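To start, the structure under review is shown below, and the notes come after it.
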Amino acid sequence: LPEPERAKRVPEAKRLFAETLKLAEDEKVFGAEIELLAQSGQLAAQSGDYVEAEHAFTRAASVAGIAGLKGLEADNELRLANLYLQMRQPQKAAASIEQGMREIDGAEEAYDLPSFIAAEADTQAALGKIRAADALYGRATTLVEGLLVNAPSSQLKSSMISAFSRIYVAHFRLAWDKERNAVKAFQIIESARGRVLLDTIRNGKS
């Protein structure tokens, strides 16, 4: 919904989340419980309630860990890391990234790795470790490029391209704002344009 109607309906959404979450908890439907907690956390974060968002994401990660759902646990650790970055708490973000990366195991979860490395780069930049952040953005970009080549579905490829774009933008801002290196910043943009053009050509042939 557009604002201000959306803001007016937030209490109703929270009530529905709470009611449905209780059902999921009572029935021990872990997947639904984790998803509801994650969505509740995202709603809280969008509303500026970072304390409630942190609580929801932490619970979601905990439930996923108890249920042995490592991929979902990692997803919520990543949500926590991004939330901590919004809250300007890079040390906490680093701890969540470290925990999440420990849970990534197997080929399916490997597609999440670039997002974790990009979040780690964001964290290093927030800590003032510019050289480390630059190297991590480069590593994340290389991983995404490799995964795009072997992506088994167009839906997954679209998701990867979205992640790829975010990494390029963050890397550009690092070069422009922190390193004050205009040449490098525009090289990053040009390489991003080349990547998009190449994907467009490939998709046109498939």
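The values are calculated or read from the model by the stated rules, or taken from the named source; none is laboratory data. Note that this is a predicted model, so its numbers are computed, not measured. Neighbour counts run over all protein chains shown; Cβ positions are idealised from the backbone, glycine included. To get the accessible areas, we keep the full protein, side chains included, count just its heavy atoms, and leave off ligands, DNA and RNA. Shrake-Rupley method; radii C 1.70, N 1.55, O 1.52, S 1.80 Å.
With contacts taken as Cα pairs under 8 Å at a separation of at least 6 residues, the chain carries a relative contact order of 10 percent.
Carbon-plus-sulfur fraction of the accessible area of the chain, 1.4 Å probe, in percent? Carbon and sulfur: 54 percent of the exposed surface of the chain. The GNM of the chain, with springs linking C-alpha atoms under 10 angstrom apart, assigns the highest mean-square fluctuation among Asp112, Asp26, Asp49 to Asp26. For Lys70, the lysines whose Cα comes closer than 24 Å to its Cα, not counting residues fewer than 8 places off in the same chain, are Lys22, Lys28, Lys92, Lys157. Taking label positions 7 Å along the Cα-Cβ direction at both Ile130 and Lys178, the computed distance is 0.9 nm, reported to one decimal. Note on the stretch 121-187 and the stretch 18-55: Cα centroid distance 30 Å, given to the nearest whole angstrom. Express in nm, to one decimal, how much length is gained between Ser153 and Ile189 on full extension, taking 0.36 nm for each residue of separation and deducting their alpha carbon distance. That works out to 10.3 nm of additional length. Based on the alpha-carbon gyration tensor of the stretch 1-82 and its eigenvalue square roots a ≥ b ≥ c, which shape applies: rounded if a/c is under 1.5, prolate if not and a/b is larger than b/c, or oblate? The shape class here is oblate. Each of the peptides 166-174, 8-16 was scored by the mean count of other Cβ atoms within 10 Å over its residues; in descending order, highest first, they stand as 166-174, 8-16. Given the -39500 (n - 2.57) contribution per DSSP H run of 4+ residues, what per-residue ellipticity at 222 nm results for the chain, rounded to the nearest 500 deg cm²/dmol? Rounded to the nearest 500, it is -27500 deg cm²/dmol. Annotation: per residue accessible area for the chain equals 57 Å², rounded to a whole number [probe 1.4 Å, protein chains only].
Note on the chain: Cα Rg divided by 2.2 N^0.38 Å, N the number of residues, gives 1.12.
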